[in-house]
Amino acid sequence: KSVAAIELSIAAYNNIGLAHHYMEKTSLALKNFEKSLEIVRSTNMKEAMAFHNIGSTFLKAGKLEQAKLNLSKALTIRMNALPEYHPDLAESLNNMAYVCQRERDYPQALSLYHKALKIQERSLPPNH
């Protein structure tokens, strides 16, 4: 599933839960809220976004060790939750490559840049 589809599923279960809540159908409301929570927990996408943002902030501040730790967590979550050629995965790979470049680990940086580029090229429209 795409991130958009996952987010739509989460919102749909929440909205159905709210409708049941307002109709005082507690068990149905809870069932839908719990399903929404289950999807959130299984994908960890919001957690990945948080790690990505924290890592990017450390990177901008020049704190490479903290940046690498957080960006690596985001990358791991995204690799497990997203399709192989998702643009968010390319973004994580690109940021990890930049950290490696700043650490002067050029072979690793180059490898990650190539992986990110492959995803970006595949996710672009053919006429780009």
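The values are calculated or read from the model by the stated rules, or taken from the named source; none is laboratory data. Note that the structure is predicted; figures quoted are calculated from it, not measured. Glycine gets a Cβ as well: all are built from the backbone with ideal geometry, and neighbour counts include every protein chain shown. For accessibility, only protein heavy atoms count, side chains too; no ligands or nucleic acids. Shrake-Rupley method; radii C 1.70, N 1.55, O 1.52, S 1.80 Å.
Evaluating Lys60 against the criteria (1) over 16 Å from the mean Cα position of the chain (by Cα); (2) open to solvent by less than 30 Å² (accessible area, probe 1.4 Å); (3) modelled with pLDDT under 90; (4) within 24 Å of Gln120 (Cα to Cα) leaves one unmet condition, (2). Total residues in segment 63-86 satisfying the condition of being among the charged types (D, E, K, R), open to solvent by 70 Å² or more (accessible area, probe 1.4 Å) and at pLDDT 95 or above: the figure is 1. Selection of segment 26-57 for residues being open to solvent by less than 40 Å² (accessible area, probe 1.4 Å) and modelled with pLDDT under 80 yields Thr43, Met45. Exactly one residue among Leu93, Leu117, Leu89 is surrounded by fewer than 19 Cβ atoms within 10 Å (Cβ to Cβ) and at pLDDT 90 or above, and that residue is Leu117. Of all residues in segment 55-75, those that are in contact (Cβ under 8 Å) with a residue 40 or more places away in the chain have Cβ atoms under 8 Å from Cβ atoms of residues that are basic (Lys, Arg) and open to solvent by 50 Å² or more (accessible area, probe 1.4 Å), 6 or more apart or on another chain, in Gly55/Lys68; Gly55/Lys73; Leu59/Arg102.
Based on what the data block shows, is Ala19 under 29 Å from Gln120 (Cβ atoms) and either buried (at least 16 other Cβ atoms within 10 Å of the Cβ) or out of contact with any Asp or Glu (no Cβ under 8 Å at 6 or more places or on another chain) (or both)? Walk me through it before giving the result.
Numbers: under 29 Å from Gln120 (Cβ atoms): no; either buried (at least 16 other Cβ atoms within 10 Å of the Cβ) or out of contact with any Asp or Glu (no Cβ under 8 Å at 6 or more places or on another chain) (or both): yes.
Considered against the rule, which asks whether it is under 29 Å from Gln120 (Cβ atoms) and either buried (at least 16 other Cβ atoms within 10 Å of the Cβ) or out of contact with any Asp or Glu (no Cβ under 8 Å at 6 or more places or on another chain) (or both), Ala19 comes out as no.
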